[in-house]
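Trainee: Quick one: structure below, then a few questions.
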2 protein chains.
Amino acid sequence: MDEVLADTIGKFIAIYNEKHNTDFTIDKLQPGKEFHELLPAYIRYTLREYINEPGFFRDIPVMQGALEVMPKLAEKYDVYIVSAAMEFKNSLADKLEWLNEHFPYISWTNIIFCGHKIVNVDIMIDDRVKNFVNFDGRKLLFTSPHNMAYDEYERVNTWEEVAAALL
Amino acid sequence: MDEVLADTIGKFIAIYNEKHNTDFTIDKLQPGKEFHELLPAYIRYTLREYINEPGFFRDIPVMQGALEVMPKLAEKYDVYIVSAAMEFKNSLADKLEWLNEHFPYISWTNIIFCGHKIVNVDIMIDDRVKNFVNFDGRKLLFTSPHNMAYDEYERVNTWEEVAAALL
């Protein structure tokens, strides 16, 4: 969900530039950096506070291209949305409302909030290689600044490339 | 989670007996009845209202024996708690808090809220046979009034029987 359907880094950048007078851009994350590594030590602790705030996950921008490609994927495949959301209690209802707003054709039966992604599926689109470790199916690594160093997976840079790979 | 770790029917019975002057007992559910089938038509609609109320899932009694057996299971196995919670948005935070209170040794990484239980596990303990249909592993049907008619699965009537089967 985050960094594949939801532009969570985009929201981090907007918050810090607004509240902490930083001038982050997505380019500064290249290559291989996590967002929190950009933060000066004196404000790094604030990241978890923002994530834990009710509402944080409710208004995150949708990743470019996802709104166009997802309905076509859902026509061809049995699409599940799987988010490692369980670390943040207040994210759960926000994430569910966000999904219902932007992807209303994905039934509640096909939404999974978890920690470890031990799901029995054929294809996984994810930005975190750790989620591929115990997964035997086809792996599509969705490009995100933090995963640029990995070259052992089929990579999709955009939702248009997801469409080209799967439709 | 419901009817295996959490005595959700017990809470339904308590609510209806208190608020609607009914005199339900768990015995009246035998054999093969769903709780909602007990409800007279004029109050049947209230069931979803109670389930959707914030707080409903926060104070459900723990099933007898679960507090004693679960720590031993968690020592021997990599235990995941998988709940088909996604139909009820307000249940998510309540269920997570409830699990953290009663089963604090189960990490957030091992908690899954979903619709369809498409989990990649070896053993499943569940009260709903529908969750066994696409599952290849060992199936333990935890006895609940609604599942009394099924005899094609390994049955566990109590948490003591779960212990006997798995420890």
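Trainee: Can you list the distances in nanometres, one decimal and ascending, from the residue A:138 label point to the identical position in each other copy, with the point 7 Å along Cα to Cβ?
Mentor: 3.5
Trainee: Looking only at other chains, what is the average number of their beta-carbon atoms within 10 angstrom of each beta-carbon in B:84-94?
Mentor: For peptide B:84-94, the averaged partner shielding equals 5.
Trainee: If you don't mind, there's one more thing I want to ask. So which of B:72/B:95; B:72/B:130; B:33/B:76; A:139/B:139 end up more than 25 Å apart by C-alpha?
Mentor: B:72/B:130; B:33/B:76; A:139/B:139
Trainee: Follow-up question, since we're still on this one. What are the chymotrypsin sites (Phe, Trp or Tyr not before Pro) within the range A:1-102 that DSSP puts in a loop, where the Cβ has at most 13 other Cβ atoms within 10 Å?
Mentor: Qualifying residues, ordered by number: A:45, A:77.
Trainee: For chain A, what does -39500 (n - 2.57) per DSSP helix run (n ≥ 4), summed and divided by total residues, give at 222 nm, in deg cm²/dmol to the nearest 500?
Mentor: -9500 deg cm²/dmol
Trainee: Give the relative contact order (percent, whole number) for chain A; include only Cα pairs under 8 Å separated by 6+ residues.
Mentor: Working: 204 pairs, mean separation 44.6, N = 167.
Value for chain A: 27 percent.
Trainee: Please report the spacing between the Cα centers of the range A:106-149 and the range B:98-130 in Å, no decimals.
Mentor: Comparing the Cα centres of the range A:106-149 and the range B:98-130, I get a distance of 19 Å.
Trainee: Between copies, how far does the label point of residue B:55 sit from its twins, in nm, shortest first, when each point is 7 Å from Cα along Cα→Cβ?
Mentor: 2.3
Trainee: Going toward the positive end of the dipole of chain A, with +1 on Lys and Arg Cβ and -1 on Asp and Glu Cβ, which of A:104, A:114, A:55 do you reach last?
Mentor: A:114
Trainee: Give the longest segment of chain A that steers clear of GluC sites (Glu not before Pro) in DSSP loops with at most 13 neighbouring Cβ atoms within 10 Å, not counting the sites themselves.
Mentor: Longest stretch, sites excluded: A:35-151.
Trainee: Averaged over peptide B:116-128, how many Cβ atoms belonging to another chain are found within 10 Å of each residue's Cβ?
Mentor: The per-residue average across the peptide is 3.
Trainee: Using 0.36 nm per residue of separation minus the Cα-Cα distance, give me the extension gain between residue B:14 and residue B:154 in nm, one decimal.
Mentor: Values: separation 140, 0.36 × 140 = 50.40 nm, distance 3.02 nm.
Stretched fully, the residue B:14-residue B:154 segment lengthens by 47.4 nm.
Trainee: Let me ask you something else. What is the spin-label model distance, in nm, from residue B:102 to residue B:21 if the labels are put 7 Å beyond Cα along the C-beta direction?
Mentor: Result: 3.2 nm between the two label points.
All of the numbers you see were taken from the coordinates with simple rules; none came from a lab. Fair warning: this is a prediction, and the values are worked out from it, not measured in the lab. We place every Cβ from the backbone using ideal geometry, glycine too, and count neighbours over all the protein chains shown.
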